[in-house]
Amino acid sequence: MRGISVTATFCHNIAHDLPIQISDPKKEIELTYIDDVVEALVGELRGVAESGFRFATPLPSYKISLGELAGLIQSFRELRRSLLLPDFSKPFVKALYATYLSYLDGSDFGYGLDIKADERGSLAEFIKAPAFGQIFISRTKPGVVRGNHYHHTKAEKFVVVEGKAIIRFRHIDRGEVIEHCVRGEEYRVLDIPPGFTHSIENVGTSDLVTLFWASEVFDPERPDTTWEEVLK
């Protein structure tokens, strides 16, 4: 898409926080991704030995209005704040996002996350998507316990990537406590089923770093989180 001037202009300006101008937001354009063009050209070159006239295979193309194109590219820039991933199941969105990233300056490749810290350690959300849920990461100080809550519908996965922890579970209607001891070097994944109150305790001597996935994007109006101690 780099060869299409309007796409190039929108990507460059939005990537550099510059204004864009759209005379007619409803005007439709048809775009073809550069990789599809190159792939077709290479295919034709490989078939030059074939004799006779033939039609080339039609290239994938995508119709979109100028207003929709600008809005989609602006959402890529906004991703760093919202953390909401675009719908990569759509080939056009995947191609446009790759195109947008190619216009970033090297100094702008990195960006920070909103870190929430207290005496227990710190936590930051990483990425979100309505159909995917969200990923966040935390650092927990030695001896600290996080969690002690359960969910009705939300499912989670925990992966300790640094340190040593005990992850405890107890079904809210039972007394049995289930324990899993995990270490960062194991890359062991723990599923967190709904209906089980759970906690994670740093039993090591250094900070515990944990990667969390939740099946739902956190909604403060409906958090689906009920506090209950695992160890009564």
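What to note about this one:
- Selection of first residues in the range 79-106 that are within 27 Å of residue 219 (Cβ to Cβ) and of second residues that are surrounded by 14 or more Cβ atoms within 10 Å (Cβ to Cβ) and among the hydroxyl-bearing types (Ser, Thr, Tyr), restricted to Cβ pairs under 7 Å at least 6 apart or on distinct chains, gives the following pairs, ordered by first then second residue: 86/75; 86/97.
- Qualifying residue in the range 189-210 (condition: out of contact with any Ser or Thr (no Cβ under 6 Å at 6 or more places or on another chain) and on the phi > 0 side of the Ramachandran plot): yes
- Cβ pairs under 6 Å, 6+ apart, first in the range 3-31 and within 26 Å of residue 106 (Cα to Cα), second part of a strand (DSSP E or B) and of a type in the set (A, V, I, L, M): 4/31
- Pairing residues of the range 127-141 that are under 11 Å from residue 214 (Cβ atoms) with residues that are of a type in the set (Lys, Arg) and surrounded by fewer than 16 Cβ atoms within 10 Å (Cβ to Cβ), at Cβ distances under 9 Å and at least 6 apart in sequence or on separate chains, gives no pairs at all.
- Contact map, the range 161-176: first residue assigned by TED's automatic domain parsing to the domain that holds residue 192 and surrounded by 14 or more Cβ atoms within 10 Å (Cβ to Cβ), second residue among the aliphatic types (A, V, I, L, M) and in a loop (DSSP other than H, G, I, E, B), Cβ cut-off under 6 Å, separation 6 or more or different chains; pairs are 164/203; 166/203; 168/177; 168/230; 170/177; 170/230.
- Residues in the range 1-32 that are aliphatic (A, V, I, L, M) and in a loop (DSSP other than H, G, I, E, B) were compared, and the one that is modelled with the lowest pLDDT is 1.
- Odd one out for residue 194, checked against (1) assigned to a strand (DSSP E or B); (2) surrounded by fewer than 20 Cβ atoms within 10 Å (Cβ to Cβ); (3) touching a residue at least 40 places away in the same chain (Cβ under 8 Å): (1)
Conditions (1) assigned by TED's automatic domain parsing to the domain that holds residue 132; (2) closer than 21 Å to residue 133 by Cα; (3) modelled with pLDDT of 95 or more, marked per residue:
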residue	(1), (2), (3)
34	no, no, no
47	no, no, no
54	no, no, no
58	no, no, no
65	no, no, yes
69	no, no, yes
75	no, yes, yes
83	no, yes, yes
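- Checking the range 160-169 against the condition returns a match, with at least one residue being assigned to a strand (DSSP E or B) and farther than 17 Å from residue 139 by Cα.
- The requirement of being touching a Gly at 6+ places or on another chain (Cβ under 8 Å) and outside any strand (DSSP E or B) is fulfilled nowhere in the range 126-138; no residue meets it.
- Filtered residues of the range 91-119 (kept if hydroxyl-bearing (Ser, Thr, Tyr) and within 19 Å of the chain's Cα centre (by Cα)): 97, 99, 100, 102, 111
- The set of residues from the range 128-159 being within 22 Å of residue 87 (Cα to Cα) and surrounded by 15 or more Cβ atoms within 10 Å (Cβ to Cβ) comprises 128, 129, 132, 133, 134, 135, 136, 154, 156.
- Residues located in the range 210-220, provided they are over 12 Å from residue 146 (Cβ atoms) and either among the polar types (S, T, N, Q) or not in a loop (DSSP other than H, G, I, E, B) (or both): 211, 213, 214, 215
The values are calculated or read from the model by the stated rules, or taken from the named source; none is laboratory data. As the structure is a prediction and not an experimental result, all values here were calculated from the model. Note that we place each Cβ from the backbone using ideal geometry, even for glycine, and neighbour counts take in every protein chain shown.
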